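Written out below as structure tokens is the structure these notes cover.
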Amino acid sequence: MKRQQVIAVICAALVIAVAAGCTASHRVPSPPSPGAPTAGASASATGTASGTASPRLPRSPSATPSPSPLPRPNSDRPGPVLVIPGFGDDETMLADLVRRLRNSGRETTVVDLPGNATGDLRTQAQTVVGYIEQATTRGADSVDLVGYSAGGLVAALAVLQDGGHVRRVVSIGTPFHGTAVASFADAYAPSACPPACREMAPGSPLLEFLAAQNPARRGVPRLSIYSETDGVVQPPTSSVLDGAVNVAVQSRCRSDTVSHTLLPRDPVVLALVTGALGGDALSALPTVGCPAAG
């Protein structure tokens, strides 16, 4: 059996990503040519900041600056929204989320992560930093980050590198403390568990690094949305982040048993995300009830 087939089988069996995120059909991003413009709101941008190599993120707690509060950008002029995909880089799962954000009047770009978002999460974060640099170079005062699943970890790493330009961060179904599913995959099918998979195992060096730094305490307002019926993030409370506003979907709609893969399409989640990226404080999120039947 070919490696790609093995990965597809493991992903399906362990539910660590949708099958579409484990095929070879994804785009592999290529760096933009120097001076190339970024894509607008109607398309996904690619690459990193024009003509600029993204700085490397520290790889150990000892090499990281102290987690002191960062300067805050102007909240009165929200800039572009960068949506960060999860493991497998299945952009189609984010279509409803992107549409909702654009319909609310926000310029929204899906970050094109290297290696189908299965490689080292630090490298993925460097790509996000490049997008932040592009946006601010074009005149944006700030950016908002929305990370789905592993994309929330990527956003947290990006905040450590360039959080001074990040206005708000929203994570959706992100295993900040790891998921037992990744541990299982690494133990029983290590050849089919790429770096991002291993880094999401509880107790991994990367997760310990993030816990030590706790980007939520860097002064960047953060919202973590999760589902108590998430079968991928195990346990679901792994999405609860100290210092963030943590909201379970079921706290707003008890009957909403949304799964991990459907989180970016869930009406309650979409309402929470757009509310969080509005002008009000995260502690004053609008009341969101169950969607009307039918």
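How long is the gain from S283 to R77 if the chain were fully straight, where each residue apart is worth 0.36 nm and the alpha carbon distance is subtracted?
72.2 nm
Counting other beta carbons within 10 Å of each residue's own, what order do C193, C290 fall into, fewest first?
Working: C193 25, C290 12.
Ascending Cβ contact count within 10 Å gives the list C290, C193.
Report the gain in length on full extension from A211 to D242: 0.36 nm times residue separation, minus Cα-Cα distance, nm rounded to one decimal.
Values: separation 31, 0.36 × 31 = 11.16 nm, distance 0.92 nm.
Computed gain between A211 and D242 is 10.2 nm.
Report the trypsin sites (Lys or Arg not before Pro) located in region 237-284 that are in a DSSP loop and have at most 15 other Cβ atoms inside 10 Å of their Cβ, or state none.
Counting only loop positions with at most 15 other Cβ atoms within 10 Å, the trypsin sites (Lys or Arg not before Pro) in region 237-284 are R254.
By the gyration tensor of its Cα atoms, with a ≥ b ≥ c the square roots of the eigenvalues, what is the shape of region 146-200: rounded for a/c under 1.5, prolate for a/b over b/c, or oblate?
Because a/c hits 1.5 or more and a/b exceeds b/c, region 146-200 counts as prolate.
So for T127, T237, fewest C-beta neighbours within 10 Å to most, what's the order?
The fewest-first ordering by Cβ neighbours comes to T237, T127.
Quick check: Cα centre of region 82-114 to Cα centre of region 223-261, how many Å?
The two parts, judged by their Cα centres, are 19 Å apart.
Restrict the search to region 95-158; then list the trypsin sites (Lys or Arg not before Pro) that DSSP places in a loop and that have at most 13 other Cβ atoms within 10 Å of their Cβ.
R138
Each value in this text was obtained by applying a stated rule to the coordinates, not by laboratory testing. On a predicted model such as this, the values are computed, not experimentally measured, just so you know. Cβ atoms come from the backbone with ideal geometry, glycine included; neighbour counts cover every protein chain shown.
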